[in-house]
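Peer 1: Shown below is the structure under consideration.
The values are calculated or read from the model by the stated rules, or taken from the named source; none is laboratory data. All values derive from a computational prediction rather than experimental measurement. Cβ sites come from the backbone with ideal geometry, for glycine too, and all protein chains shown count toward neighbours.
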Amino acid sequence: MWFLFALLSAIFAALTSILAKVGVEGVNSNLATAIRTLVVVAMAWGMVFLTNAQNGIAEISKRSWLFLILSGLATGASWLCYYKALQLGDASKVVPIDKLSVVITLILAFVFLHEEFTIKSLIGCILIGIGTLIMVM
């Protein structure tokens, strides 16, 4: 089931890029990000209440709160940079560079989460890096 959700995530991320490129035209990139964020917040809280998950708020540990807040700050910074990049550059070049996050995530997961980094992971990282370079040249 995780694969289906990951695939759907990739499809929606692709749609996000194309829709954002059109939507950010003639709009301040920070304002565009704020509008997008409001929609995401409304959708997320809608799902919380639709699935009756709001009861779990009191059970969230301080550690989880800290890391969720830090993750939110990282997401906000990523979105602000992403929208500015989309406004200034071609989606076909911005998106591949943005997807270098896959390589960076694998490295960070190895360093900080002590996840396995195999030869297969290394080859994949190298191929993603080479592919990104080829796409943006």
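Peer 1: In this structure, is residue 91 out of contact with any helix residue (DSSP H, G or I) (no Cβ under 8 Å at 6 or more places or on another chain), under 20 Å from residue 12 (Cβ atoms) and of a type outside the set (Phe, Trp, Tyr)? Lay out the reasoning, then the answer.
Peer 2: On the way: out of contact with any helix residue (DSSP H, G or I) (no Cβ under 8 Å at 6 or more places or on another chain): no; under 20 Å from residue 12 (Cβ atoms): yes; of a type outside the set (Phe, Trp, Tyr): yes.
No: the conditions fail for residue 91.
Peer 1: How many residues, within segment 115-137, are charged (D, E, K, R) and surrounded by fewer than 11 Cβ atoms within 10 Å (Cβ to Cβ)?
Peer 2: Within segment 115-137, the first condition is being charged (D, E, K, R), and the residues that meet it are 115-116, 120.
Subsequent filtering for residues that are surrounded by fewer than 11 Cβ atoms within 10 Å (Cβ to Cβ) retains 116, 120.
Within segment 115-137, residues that are charged (D, E, K, R) and surrounded by fewer than 11 Cβ atoms within 10 Å (Cβ to Cβ) number 2.
Peer 1: Shifting gears a bit: Residues to consider are 107, 18; find the one that is touching a residue at least 12 places away in the same chain (Cβ under 8 Å), of a type in the set (Val, Ile, Thr), under 30 Å from residue 127 (Cα atoms) and not assigned by TED's automatic domain parsing to the domain that holds residue 127.
Peer 2: Working: 107 fails: not assigned by TED's automatic domain parsing to the domain that holds residue 127.
Just a single option satisfies the conditions, and that option is 18.
Peer 1: Can you name every residue in segment 75-114 that is outside any helix (DSSP H, G or I) and either among the hydroxyl-bearing types (Ser, Thr, Tyr) or surrounded by 13 or more Cβ atoms within 10 Å (Cβ to Cβ) (or both)?
Peer 2: Filtering segment 75-114 down to residues outside any helix (DSSP H, G or I) leaves 89-90, 99-100, 113-114.
Answer for segment 75-114, where residues must be outside any helix (DSSP H, G or I) and either among the hydroxyl-bearing types (Ser, Thr, Tyr) or surrounded by 13 or more Cβ atoms within 10 Å (Cβ to Cβ) (or both): 89, 99, 100.
Peer 1: Hey, could you check segment 18-70 for residues that are over 17 Å from the mean Cα position of the chain (by Cα) and of a type in the set (Lys, Arg) and say which is farthest from residue 86 (Cα to Cα)?
Peer 2: 62
Peer 1: Taking residue 75, is it within 13 Å of the chain's Cα centre (by Cα), outside the structural domain of residue 28 (by TED's automatic domain parsing) and under 30 Å from residue 57 (Cβ atoms)?
Peer 2: So residue 75 fails the test.
Peer 1: Of the numbered conditions (1) assigned to a helix (DSSP H, G or I); (2) modelled with pLDDT under 95, residue 117 fails exactly one; give the number of that condition.
Peer 2: Every condition holds for residue 117 apart from (1).
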